[in-house]
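Step one of this worksheet: look at the structure below.
No lab work stands behind these numbers, since they all come straight from the coordinates. Quick caveat, the model's predicted, so the values are computed rather than measured. Ideal geometry is used to build each Cβ from the backbone, glycine not excepted, and the neighbour counts take in all protein chains shown.
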Amino acid sequence: MRLQITHETLYSLTHAARRTVQYLRLTPRADRCQRVESWSIGGPERLRPWTDGYGNVVHVATETDAHDSIAIRVEGVVSTRDTAGVLPLDDGLPPDMFLRATPLTLASEAIAGFARRFAEERARKGDIAALHAMMAAQADAIAFEAGHTTAATPAAAAFDKGRGVCQDHTHIFIAACRVIGLPCRYVSGYLAAGQGDVATHAWAEAFVADLGWVSFDVANRQSATDAYVRLAVGPDYRAVAPVIGVRTGGGGEEIAVTVQVRQVQ
């Protein structure tokens, strides 16, 4: 599938800032399930590319003059293929590094109790069957509802609320996988359909021995298809946030985001 993506973010400030530095993880990864045909990032005064420790392409965006708005625009075409949600281990990172809990993915007793229900199924039926069963059970237990959580909400809090969005589902699934001893990581990206006005999407990838990384999109109750575009991977949202940064001065921030992902010939 060939997907054309346009993603615009506009920050408006009531009071001008003197300096802003942002990290942009807005460039699709090159891997076995997708190929970047064209991609551009524009808007900030200065952009400097680098690659982080997880293999994600990052741009450091800097604004050094006084400013009351920042516009970021990315666009391009990505060619994807359906791998049944499986991505072979080929990025050089040891999977066990994704067994370590983070503040956003720390398993509470409630999450641990939920996860242990699938440990026996894992022993009887194998990793894949247990992971799909856990994904379905989590989707039943945690309603997809916006407005109850933020980017800073940890998995334990979202689980207790019984509702959240894709990033909450992903954090909970990661925490549950680690309880039963399976490495699991966070993936940020785009989805060609099914997410309404959500700017970007998120899902999890669990490592299954002799197979590789297997994707689980709890919010949509499925593994990734060729409708998904992977931007960045990491232990949680903070490690892969599409835009994160700091500024000197400024205040009264408002954010407007528009995203279009469509299939092209």
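Some notes on this structure:
- Label assignment, Cα extents along the principal axes in Å derived from the structure, set [x] 94, 43, 36; [y] 59, 49, 32; [z] 61, 40, 32: [z]
- Other residues within the sphere of radius under 15 Å centred on the Cβ of residue 149, judged by their own Cβ, net out at -1 (K and R +1, D and E -1).
- Net charge of the neighbourhood of residue 130, taken over other residues with C-beta under 15 Å away and scored Lys/Arg +1, Asp/Glu -1, is +3.
- Charge sum, other residues only, whose C-beta stays under 10 Å from residue 65's C-beta, Lys/Arg counted +1 and Asp/Glu -1: 0
- Evaluated with a Cβ-only charge set (Lys, Arg +1; Asp, Glu -1), region 68-117 carries a dipole of roughly 260 debye about its Cα centre, given to the nearest 20.
- Along each principal axis, Cα extent of region 86-239, largest first, Å: 37, 33, 25
- Separation of alpha-carbon centers, region 149-172 and region 95-114, rounded to whole Å: 13
- Given +1 at the Cβ of Lys and Arg, -1 at the Cβ of Asp and Glu and no other charges, the dipole of the chain around its Cα centre is 260 debye to the nearest 20.
- Overall, the ratio between the Cα radius of gyration of region 1-126 and 2.2 N^0.38 Å, rounded to two decimals, is 1.46.
- DSSP loop trypsin sites (Lys or Arg not before Pro) with at most 16 other Cβ within 10 Å: longest gap in the chain: 118-220
- Difference of contour (0.36 nm per residue) and Cα-Cα distance, residue 123 to residue 265: 46.6 nm
- Averaging the sequence gap over all C-alpha pairs within less than 8 Å and six or more residues apart, then dividing by the number of residues, gives the chain a relative contact order of 32 percent.
- Judged by a Cβ-Cβ distance under 4.7 Å, the unpaired cysteines of the chain are 33, 166.
- Kyte-Doolittle mean at least 0.5, axial Cα span of 15 Å or more - DSSP H helices of the chain: 127-141
- Label zone at residue 193 (point 7 Å along Cα-to-Cβ), backbone N below 17 Å, region 28-44: none
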